[in-house]
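Visitor: Can you read through this structure? Questions will come right after.
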Amino acid sequence: MSDRSWGLMPREVIERLREKEWYQRRALKARLKGERPFPVSVSLKPPRGQEAVSDLEHFHRFVSAWRAFPNQGCVQWESQSFRQLSVQRVPVRFRVADIGTLAELLGEQEQTALGNWERRIGNILAQPFAQDEKIQRGLFSALVDNLEALTSFTEDELGLLVGLVPQLKAGLGGGRYLRALPLTQVDTKFVEQNLHLIECLLDVLWRGEVSASGGLLAWLTCIENPKGWLFVRPLCDSSQTALGGLPILQMDTATLLAVELPASNILVVENVQSGLGLPPLDNTIAVFGGGKNVSWLSAPWLQAKNVGYWGDIDSEGFAILSDARRRCKNIESIMMDEQVVEKFTSRMVDEPNSVDAPPAYLEEQESRLFHKLRQGDFAKPRLEQEKLAADFIFQRLRCWAIKRIEE
């Protein structure tokens, strides 16, 4: 773009339109939906006063370029008087009447894209489920909002979409997972991959029922896919028997929130390898490998348990401990004290991405150790779980479990 204060040339105007009206997708979608009405109007910054006379060469190039512009219907001309030049016909404004003209001005690629959008949207609006006039307007708006997804579809996927929409009804999921929907000629992975677009279209067709229900999954009565997986490992024969004899299993966060584990002691361990290396402990089940995922510790059934937490001794580990205690008030930290740091100080390492703000739910001795780590009172600011000696771990954990049993 020229830094000249007057006289925009055709190529400058076209590039301005490309940047502000086509590449800015929010603006383009607003134009397509009529929220920003046409015409698009761009001032050509015609010369004023002595500007034309001060640069006659540019003035003649400016006027000549616009006279030669092929789409004169877009150019607004006015007669202006200039000293030493008499009356001159000068281009003053460029107007684009509609989206088709805009695409034509920008080039073949934009024309092809617009034609593709119109064809795909027209295909959907021609379906039997879209014949109501109000629904057509709503579907058009929803399709424009999801233009990127619609553009990415192959012809086969577009066919899947129009075949899927009329099959989906409230309650169709029947309490099953989304992938178990009873659909005809449509794979459920397609539904999962295009959930947002499908939700938008159905919300129009069912006049807001989908959003009022809390979204597509709730409207279909599908249950959410499990997430927040953690390892669950019984550390004694009685707990293993109560878990069907399984030596290790995985549970998602929602299950752990709802289902009580059959042991008095629940040992929460930050990392997977440390959890796999745990020794046998009476009446104990370990839950490990969740890292920062401690949301399940809000489970009401934990209030009647003896809950221990063992994590890395670093700012991140204490931040996780704090979040865990915020959810479960009766949690006790294990092997996260200054005595452990002093014993294994030679094994400490640097800590990336440290937490600076003091965690709010630490006990006094935990908070004191956190500050010492952050102040650099030790050789390094981090002692990982895996760096502790196996015999030391076994001794500390057995002391914790025995103490809890005795209490």
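Visitor: Quick one: which residue in ARG374, ARG368 is over 13 Å from ASP312 (Cβ atoms), of a type in the set (Lys, Arg) and in contact with a helix residue (DSSP H, G or I) (Cβ under 7 Å, 6 or more places away or on another chain)? Talk me through it step by step, then tell me what you get.
Guide: Details: ARG368 fails: in contact with a helix residue (DSSP H, G or I) (Cβ under 7 Å, 6 or more places away or on another chain).
After ruling out the rest, the residue left standing is ARG374.
Visitor: Out of region 147-161, which residues are out of contact with any Lys or Arg (no Cβ under 9 Å at 6 or more places or on another chain) and crowded, with 18+ Cβ neighbours inside 10 Å?
Guide: LEU160, LEU161
Visitor: Identify, from the list TRP229, TRP219, the residue that is aromatic (Phe, Trp, Tyr) and closer than 27 Å to SER141 by Cβ.
Guide: Within the list TRP229, TRP219, the selection yields TRP219.
Visitor: Scan region 28-58 residue by residue and report those that are modelled with pLDDT of 95 or more and assigned to a helix (DSSP H, G or I).
Guide: Those that are modelled with pLDDT of 95 or more and assigned to a helix (DSSP H, G or I): LEU28, LYS29, ALA30, ARG31, LEU32, LYS33.
Visitor: Do you know which residues across region 322-334 are out of contact with any helix residue (DSSP H, G or I) (no Cβ under 7 Å at 6 or more places or on another chain) and either buried (at least 23 other Cβ atoms within 10 Å of the Cβ) or of a type in the set (S, T, N, Q) (or both)?
Guide: SER322, ARG325
Visitor: If LYS372 satisfies all but one of (1) in contact with a Phe, Trp or Tyr (Cβ under 9 Å, 6 or more places away or on another chain); (2) buried (at least 19 other Cβ atoms within 10 Å of the Cβ), what's the number of the condition it fails?
Guide: Only one criterion is unmet by LYS372, namely (2).
Visitor: Only one residue in VAL165, VAL92, VAL96 is closer than 18 Å to HIS196 by Cα and in contact (Cβ under 8 Å) with a residue 40 or more places away in the chain. Which one? Spell out the reasoning first.
Guide: Working: VAL92 fails: closer than 18 Å to HIS196 by Cα; VAL96 fails: closer than 18 Å to HIS196 by Cα.
Just one listed residue meets the conditions, VAL165.
Visitor: Now for a separate question. Any chance region 347-356 includes a residue that's farther than 25 Å from GLY277 by Cα, among the β-branched types (Val, Ile, Thr) and assigned by TED's automatic domain parsing to the domain that holds GLU270?
Guide: yes
Visitor: Report whether or not PRO10 is surrounded by 13 or more Cβ atoms within 10 Å (Cβ to Cβ) and over 27 Å from GLU118 (Cβ atoms).
Guide: no
Visitor: Go through region 59-87 and count every residue that is assigned to a helix (DSSP H, G or I), surrounded by 13 or more Cβ atoms within 10 Å (Cβ to Cβ) and not small (Gly, Ala, Ser).
Guide: So the answer is 6.
Visitor: Something else now. Among (1) buried (at least 21 other Cβ atoms within 10 Å of the Cβ); (2) of a type outside the set (Ser, Thr, Tyr); (3) not assigned by TED's automatic domain parsing to the domain that holds LEU147, where does GLN240 come up short?
Guide: The failed condition is (1).
Visitor: Right, something else. Being among the hydrophobic types (A, V, I, L, M, F, W, C) and surrounded by fewer than 18 Cβ atoms within 10 Å (Cβ to Cβ) is true for just one of ALA142, ALA130, ALA170. Which residue is that?
Guide: ALA170
Visitor: Now for a different question. For region 262-378, which fully contained helices (runs of 4 or more DSSP H) count at least 3 residues that are aliphatic (A, V, I, L, M)?
Guide: 315-327
Visitor: Could you list, in sequence order, the residues of region 223-259 that are among the hydrophobic types (A, V, I, L, M, F, W, C) and not in a loop (DSSP other than H, G, I, E, B)? Quick ask: steps written out before the conclusion?
Guide: So the first thing to find is which residues in region 223-259 are among the hydrophobic types (A, V, I, L, M, F, W, C), and the list is 223, 229-232, 235-236, 242-243, 246, 248-249, 251, 254, 256-259.
Correct list: ILE223, LEU230, PHE231, VAL232, ALA242, LEU249, MET251, ALA254, LEU256, LEU257, ALA258.
The values are calculated or read from the model by the stated rules, or taken from the named source; none is laboratory data. Predicted model only: the values in this text are computed from it and were never measured. Reconstructed Cβ throughout: ideal geometry from the backbone, glycine too, with neighbour counts over all protein chains shown.
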